Amino acid sequence: MNSLRLITLDGHAMFAPCCRCAKGQQRWDRIAGKPYCPHCQEALARGEAPPLVERTEPRVCAACARRGTVAFISFPLDHAQAVEIDLCPDHLRGLVARQLGPHAYFQLARQLHTLGIDADDIFLLHGAFYDECGRALRPALDTDE
């Protein structure tokens, strides 16, 4: 099984309220199968929410090939299918906090490209948070404005 793959969710399963705040039924990103709204993801990234505790699966990380991952599901813009990415805890934290290192970002972008998906369709704010080499400009944990 690939560590980054397209999946199809039926219409009912696609729309669900956030598992933390119960906000709306949307196509929220999912971590370990649980939907998280952008606000709750941001609270996780900033350390303002209860920590994320999920059991890892014996798959390999799409960014570093380390065994022991949590599935991250996102819905690319203008795509009917979702993308499921197996990420180790370090890379999952990096993705949610917009602190992926350049190597991890380009590994994921390359794999997305093979599926016909532009990385910007998953990493919507990439241009605002990363430079052209993939280095984080404004990680979520920085509070300087």
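The table below lists the values:
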| quantity | calculated |
| --- | --- |
| In region 21-45, the residues that are of a type in the set (K, R) and buried (at least 19 other Cβ atoms within 10 Å of the Cβ) | R30 |
| Matching residues in region 96-145 - criterion: being surrounded by 15 or more Cβ atoms within 10 Å (Cβ to Cβ), at pLDDT below 80 and either in a helix (DSSP H, G or I) or touching a Cys at 6+ places or on another chain (Cβ under 9 Å) (or both) | H126, F129 |
| Verdict on P58 being more than 18 Å from I122 (Cα to Cα) and either part of a strand (DSSP E or B) or in contact with a Ser or Thr (Cβ under 6 Å, 6 or more places away or on another chain) (or both) | yes |
| The lone exception for A80 - which of (1) hydrophobic (A, V, I, L, M, F, W, C); (2) more than 26 Å from R20 (Cβ to Cβ); (3) modelled with pLDDT of 90 or more it fails | (3) |
| A65 vs. criteria at pLDDT below 90, out of contact with any strand residue (DSSP E or B) (no Cβ under 7 Å at 6 or more places or on another chain) and part of a loop (DSSP other than H, G, I, E, B) | no |
| Qualifying residue in region 46-60 (condition: in contact with a Leu (Cβ under 7 Å, 6 or more places away or on another chain), surrounded by 13 or more Cβ atoms within 10 Å (Cβ to Cβ) and at pLDDT below 95) | yes |
| When residues of region 25-54 are limited to those that are part of a loop (DSSP other than H, G, I, E, B) and either touching a strand residue (DSSP E or B) at 6+ places or on another chain (Cβ under 6 Å) or among the β-branched types (V, I, T) (or both), the one farthest from D90 (Cα to Cα) | W28 |
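The values are calculated or read from the model by the stated rules, or taken from the named source; none is laboratory data. What you see is a predicted model; the values in this text were computed from it and never measured. Glycine also receives a Cβ, built like all others from the backbone with ideal geometry; neighbour counts cover every protein chain displayed.
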